[in-house]
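This report concerns only the one structure given below.
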Amino acid sequence: MRNRLAWAPLLAAGALLALSGCVTIEAEGEVLVVEELRVTSFEVPGPGGPSAAVPNRMGSAQVPVRSYEPAAGVTPWATLVWAHGGSFLRGTLDWPEADWVSRSFAEAGIRVLSVDYVLASDSVKAPALSNDVAAVLAWAGAEYPGPIVAGGASAGAHLAVLATLDQRDAHPDRAADALLLEYPTLHRVQRADPQIADAVAALPEARRFRADRIAEMYDFYLGAEPAGVPVAGELPAGRLAQLPPTIIVNADADELRASGEEFAEQLRSADVPVVEAIEPDTVHGYLNRPEESPAARAQAAATIGRFVTELQRVLAE
C-alpha cells in the first residue's frame, strides 16, 4: 500500500484492515480512519443516444464514469481519462484493466476518470464508442484545471486516440497534453513480424490475435458501410501530427505489438514525440490479470510506473 502520509508508527503498533476507499487502523485501543482514494460514480452529458437510426453511431445520452481521486490532501498533478479494452464489445468498470489500473494511477497522484463507454453490438457501431470517451474528455477539460491526459488499453487505446483528436478539434484550448497507450490495437491489417510470430507461437489460442480475429473484431466494431469512420492507424500523417506526446507500452508476446510499434513509427514520421517500451515476459491483457501471480502483479505495477515516470517527464517539458 502506497500511503503518502506518515502512518508507519501506527502501523507498527496495530492492525491494518483494508476497506473500500479508506484504511482503518487499530492502535492502542483507538480506531483511526484514514481516507485514501476517493472513488465516486456519476454520469456526464454524452454525445447523443439511441435514435430512430440503427445502428446508433452517435453514442450515449449520458456516459457513466467512475472517478478516482488521490488521497485527501494530495493535489492531483494530472487528470487521466481512461478507457478499458475488450475488443470494442466487452468490458466493465470493475475489470482490473479499469479499476485496478485507475486505483494505481490515483495512488501516484493522478485523478482518473474511468469511462464506461457504450459497447459495440448489433445496434451500436463506431464512432459511438470513441464519441463517449471524447465527451468525458471534453467534460474533464472544462471541469478540472491542470494537465489533461487521455489513455486506454487495447481497443480502449484506439478509442483514446480518436477521442484526443476530437477534443483537439472541438476544444483546442483544452486539448489533451499527453496520450497513454497500453498494448494498443490501431490497425485493421497488421504488418508481418517474424520475431513477434516466434514469441507468440506457443501461446494458447485464446491469447492469440491472428489476422482473421483482428479483421472480425474491426468488422463488428465498424459495422456495414463504415466509410468515413476513422481507424486510428489508417489516418494520414497530417492528422496524426495533431496528437500530443504519446507513451506506448506493448506486451512482449503479443501479435498486437506489431500495431503499437507501427503506430509509434507513424507518429515519429508525423513529428509527434513518442516513447515506447515492451514490458518483458508479458502477453496481451496482462493489466487485466494483476492478481494472477506475484510476477503478474509486479509486471502490471512496472507498467504503471513506466507511464507515471514518462508522463511526469512529458508534462515537465
Original post:
Is it fair to say Leu315 is in a helix (DSSP H, G or I) and surrounded by 21 or more Cβ atoms within 10 Å (Cβ to Cβ)?
Top reply: no
**OP:** Kindly establish whether Gly260 is surrounded by 24 or more Cβ atoms within 10 Å (Cβ to Cβ) and modelled with pLDDT of 95 or more.
**Re:** yes
Subject >> Pick from region 209-226, criterion in contact (Cβ under 8 Å) with a residue 12 or more places away in the chain and either surrounded by fewer than 16 Cβ atoms within 10 Å (Cβ to Cβ) or of a type in the set (S, T, N, Q) (or both), ranking: nearest to Ala155 (Cα to Cα) >> reply: Ala215
**OP:** Could you figure out which of (1) in contact with an Asp or Glu (Cβ under 9 Å, 6 or more places away or on another chain); (2) open to solvent by 20 Å² or more (accessible area, probe 1.4 Å); (3) within 30 Å of Trp77 (Cα to Cα) isn't true of Asp281?
**Re:** (3)
Subject >> Qualifying positions in region 150-190 - of a type in the set (A, V, I, L, M) and outside any helix (DSSP H, G or I) >> reply: Ala150, Ala153, Ala175, Ala176, Ala178, Leu179, Leu180, Leu181, Leu186, Val189
Original post:
Taking Ala72 and the conditions (1) over 15 Å from the mean Cα position of the chain (by Cα); (2) part of a strand (DSSP E or B); (3) without any contact (Cβ under 8 Å) to a residue 60 or more places away in the chain, which numbered condition does it fall short on, given that it satisfies the others?
Top reply: (2)
**OP:** Starting from region 85-99, keep only residues that are among the aromatic types (Phe, Trp, Tyr), then list their pairs with residues that are open to solvent by less than 20 Å² (accessible area, probe 1.4 Å) and part of a loop (DSSP other than H, G, I, E, B) whose Cβ atoms are within a distance under 8 Å, requiring at least 6 positions of separation or different chains.
**Re:** Phe88/Ala120; Phe88/Ala126; Trp95/His84; Trp95/Gly86
Original post:
How do the pairs read when you match residues in region 294-317 that are touching a residue at least 40 places away in the same chain (Cβ under 8 Å) with residues anywhere that are of a type in the set (Gly, Ala, Ser) and assigned to a loop (DSSP other than H, G, I, E, B), using Cβ under 8 Å and keeping only pairs 6 or more apart or on different chains?
Top reply: Ile304/Ala108; Val308/Ala108
Original post:
Of everything in region 290-305 that's buried (at least 18 other Cβ atoms within 10 Å of the Cβ) and not small (Gly, Ala, Ser), which residue is farthest from Ser104 (Cα to Cα)?
Top reply: Gln299
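The values are calculated or read from the model by the stated rules, or taken from the named source; none is laboratory data. These numbers were taken from a predicted model, which means no experiment stands behind them. Don't worry about glycine lacking a Cβ; one is built from the backbone with ideal geometry, like all the others, and counts go over all protein chains shown. Ligands, DNA and RNA are excluded from the accessible area calculation, which covers all protein heavy atoms including side chains. Shrake-Rupley method; radii C 1.70, N 1.55, O 1.52, S 1.80 Å.
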